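Engineer: Below is a structure I'd like to ask you about.
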């Protein structure tokens, strides 16, 4: 039994007791809520009404919940069978706004549907690409998925989610206390308290936020007036398409596929640490599930969804990696899409508490990737492949104006840090090991030739 296996409390196929299952699912669901307000931001940005914003939030929650159930299921066609829930896809926000501004919500829906179909097509190629993902590449992929969440998690932690937001010591205190409780209970607590470290930290941070910022209670008026039950309206069922938006949605579909690929690798490493190499079949089915859910979001009027690195990191932190948790959390999340009063109350989680939760979960993603990457001895080939990829990949986020001056074709490969780093490390690793590959092919030919010669010699000897 490996050291990582001993840290697992509920394995991937285990079924926790129902009370424990509900609490662990609720904990995962609370983290899924961190992106639940993005559809409302999108609708308001394009001049939509409060009712339209509420409906899109509810529809996105329902689709994300359904996607989480599909992802946690294990059948022969679709779903990875790992704890890797869906959330509203932050990476799709900018291009979705661009489509909504250009042609309204119907165009946005059509382009999201297109992006989901692209991801489903890409999922079919994964099984043939195992040779492209040795431990160094998979480890860097998982690490960069965690790194990609840093900007939004830190901005929330300090309560400065939008440009011009005031930095307040109250927000910093709330985030610090929430994060301290999460870290402390995960390190020193035992049993159930350790498993519920995120809920305990969120509860402590929320109570402190109410004490330091009493004005936040004013938002409860929206909870009081919200109905207990309501069917979200999908609005117009029309779908639009624009060739002008083909390139940005194609790029974001590829980036989303790479991000989900990293999340699924991390989920597999965490859930089955005894594996010596990747099992590409469940990862391929997981990508197919993610693409299908994104396409379903576009068809129903929801915002695009994506797998959540924070939830995978939370599973690693608690040692509860049962896929039954993902299925239960997805079911609860989808049902809350029909309960505006409860979903509105949960959506009032203070931003610093959200940031602390994401930082807590993402630390495990980053370190899981680093552990995998450093499990092999580094030589010059690996050093240059990883180092060069990180320099240019992170450069797209640190000095974006430099890459914006590139020809449009090159910008596809330098869209943002996550996709740029992964694309570069895959290409450079193969280039730097090309001579070894050629030598291996030659050696195999020589062995085959020698074996053929031996068979011919034996055949001639028998004829004599």
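Engineer: Quick check: is even one residue across segment 62-81 closer than 21 Å to residue 149 by Cβ and surrounded by fewer than 24 Cβ atoms within 10 Å (Cβ to Cβ)?
Structural biologist: No; the residues of segment 62-81 include none that is closer than 21 Å to residue 149 by Cβ and surrounded by fewer than 24 Cβ atoms within 10 Å (Cβ to Cβ).
Engineer: Which condition number does residue 43 fail, the rest of (1) part of a helix (DSSP H, G or I); (2) under 30 Å from residue 99 (Cα atoms); (3) at pLDDT 80 or above being met?
Structural biologist: (3)
Engineer: Take residue 267 and decide whether it is in the same structural domain as residue 226 (by TED's automatic domain parsing) and either crowded, with 24+ Cβ neighbours inside 10 Å or under 22 Å from residue 359 (Cα atoms) (or both). Even if it seems obvious, please write down each step before you answer.
Structural biologist: Working: in the same structural domain as residue 226 (by TED's automatic domain parsing): yes; either crowded, with 24+ Cβ neighbours inside 10 Å or under 22 Å from residue 359 (Cα atoms) (or both): yes.
It is true that residue 267 is in the same structural domain as residue 226 (by TED's automatic domain parsing) and either crowded, with 24+ Cβ neighbours inside 10 Å or under 22 Å from residue 359 (Cα atoms) (or both).
Engineer: So, one more: Tell me the helices (runs of 4 or more DSSP H) entirely within segment 171-232 that contain at least 1 residues that are over 24 Å from the mean Cα position of the chain (by Cα), modelled with pLDDT of 90 or more and surrounded by fewer than 14 Cβ atoms within 10 Å (Cβ to Cβ). Can you show your working first?
Structural biologist: Values: elements: 191-195, 197-212, 220-225.
Output list is empty.
Engineer: Which one of 345, 299, 317, 331 is buried (at least 20 other Cβ atoms within 10 Å of the Cβ), out of contact with any strand residue (DSSP E or B) (no Cβ under 6 Å at 6 or more places or on another chain) and in a helix (DSSP H, G or I)?
Structural biologist: On the way: 345 fails: buried (at least 20 other Cβ atoms within 10 Å of the Cβ); 299 fails: buried (at least 20 other Cβ atoms within 10 Å of the Cβ); 331 fails: buried (at least 20 other Cβ atoms within 10 Å of the Cβ).
Of the residues listed, the single one that is buried (at least 20 other Cβ atoms within 10 Å of the Cβ), out of contact with any strand residue (DSSP E or B) (no Cβ under 6 Å at 6 or more places or on another chain) and in a helix (DSSP H, G or I) is 317.
Engineer: Name the residues in segment 416-464 that are at pLDDT 75 or above and either outside the structural domain of residue 383 (by TED's automatic domain parsing) or in a loop (DSSP other than H, G, I, E, B) (or both), would you? Reasoning before the result, please.
Structural biologist: First, the residues of segment 416-464 that are at pLDDT 75 or above: 416-439, 442-443.
Selection gives 416, 433.
Engineer: Would you check if there is a residue in segment 350-364 being at pLDDT 80 or above, assigned by TED's automatic domain parsing to the domain that holds residue 60 and surrounded by fewer than 20 Cβ atoms within 10 Å (Cβ to Cβ)?
Structural biologist: Yes, there is a match, as at least one residue in segment 350-364 is at pLDDT 80 or above, assigned by TED's automatic domain parsing to the domain that holds residue 60 and surrounded by fewer than 20 Cβ atoms within 10 Å (Cβ to Cβ).
Engineer: OK, next. Scan segment 108-115 and give yes if some residue there is within 21 Å of residue 263 (Cα to Cα) and buried (at least 24 other Cβ atoms within 10 Å of the Cβ), otherwise no. Outline the logic, then answer.
Structural biologist: Applying the first criterion (within 21 Å of residue 263 (Cα to Cα)) to segment 108-115 yields 112, 115.
Now restrict to residues that are buried (at least 24 other Cβ atoms within 10 Å of the Cβ): 112, 115.
Yes; the residues of segment 108-115 include at least one that is within 21 Å of residue 263 (Cα to Cα) and buried (at least 24 other Cβ atoms within 10 Å of the Cβ).
Engineer: Can you tell me which residue is surrounded by the most Cβ atoms within 10 Å (Cβ to Cβ) among those in segment 82-93 that are within 13 Å of the chain's Cα centre (by Cα) and either part of a helix (DSSP H, G or I) or outside the structural domain of residue 148 (by TED's automatic domain parsing) (or both)?
Structural biologist: That would be 92.
The values are calculated or read from the model by the stated rules, or taken from the named source; none is laboratory data. A quick note: this is a predicted structure, and the numbers were derived from the prediction, not measured. FYI the Cβ positions are ideal-geometry reconstructions off the backbone, even for glycines, and counts take in every protein chain you see.
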